[in-house]
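Peer 1: Mind looking over this structure? Questions follow.
The values are calculated or read from the model by the stated rules, or taken from the named source; none is laboratory data. None of the values given here were measured: they were computed from a predicted structure. Side chains included, ligands, DNA and RNA excluded: accessible areas come from the protein's heavy atoms. Shrake-Rupley method; radii C 1.70, N 1.55, O 1.52, S 1.80 Å.
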Amino acid sequence: LSQVLSNIIGNAIKFTPSGGHVLVSGSVVGNDILFVVRDSGPGIPREDLRRIFQKNFQGGMHPQSTGLGLYIAQMMIEAHQGRIWAESEQGQGSVISFTLSLGKPR
């Protein structure tokens, strides 16, 4: 969990300009815990949004990146039967969310 959050929060910080903000929240939704990382960066271009979890995808805005952070996060979340996704509007920031199961209901 710490590696996943580190990768996602690190990306949010990297893409958020000085004076912007990164918000991290968690909540219980049904039998899952939902984590949300929201930033006030430039957003992700629509054509890149579906590819940001691909291995080695760097996008045009940060070419010195390895393109592995979100890929690794996705692999870890899916290995724990969770789900991860991104939402973004260019110029409106980005939101990366993921869920993990809390286990069987009591």
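Peer 1: Per residue, how much accessible surface does the chain expose to a 1.4 Å probe? Answer in Å², no decimals. Don't skip to the answer; put the middle values down first.
Peer 2: Values: 6620 Å² over 106 residues.
Here the residues of the chain average 62 Å² of exposed surface.
Peer 1: Helix-only estimate, please: 222 nm mean residue ellipticity of the chain, summing -39500 (n - 2.57) across DSSP H runs of length 4 or more and dividing by its residues, to the nearest 500.
Peer 2: On the way: 3 runs with 29 residues, N = 106.
The per-residue figure over the chain is -8000 deg cm²/dmol.
Peer 1: Which entry in (i) 15, 49, 29, 7, 1; (ii) 16, 53, 30, 1; (iii) 14, 42, 31, 11, 2 matches P(r) over Cα pairs in 10 Å bins from 0, in percent derived from the coordinates of this structure?
Peer 2: Here the calculated entry is (i).
Peer 1: How far is helix 2-15 tilted, in degrees, relative to the longest principal axis of the Cα atoms in the chain, given as a value from 0 to 90 rounded to the nearest 10?
Peer 2: 30 degrees
Peer 1: Sticking with this structure for a sec: Roughly how many percent of the accessible protein surface of the chain is carbon and sulfur, given a 1.4 Å probe and a whole-percent answer?
Peer 2: Values: 3470 of 6620 Å².
Carbon and sulfur together cover 52 percent of it.
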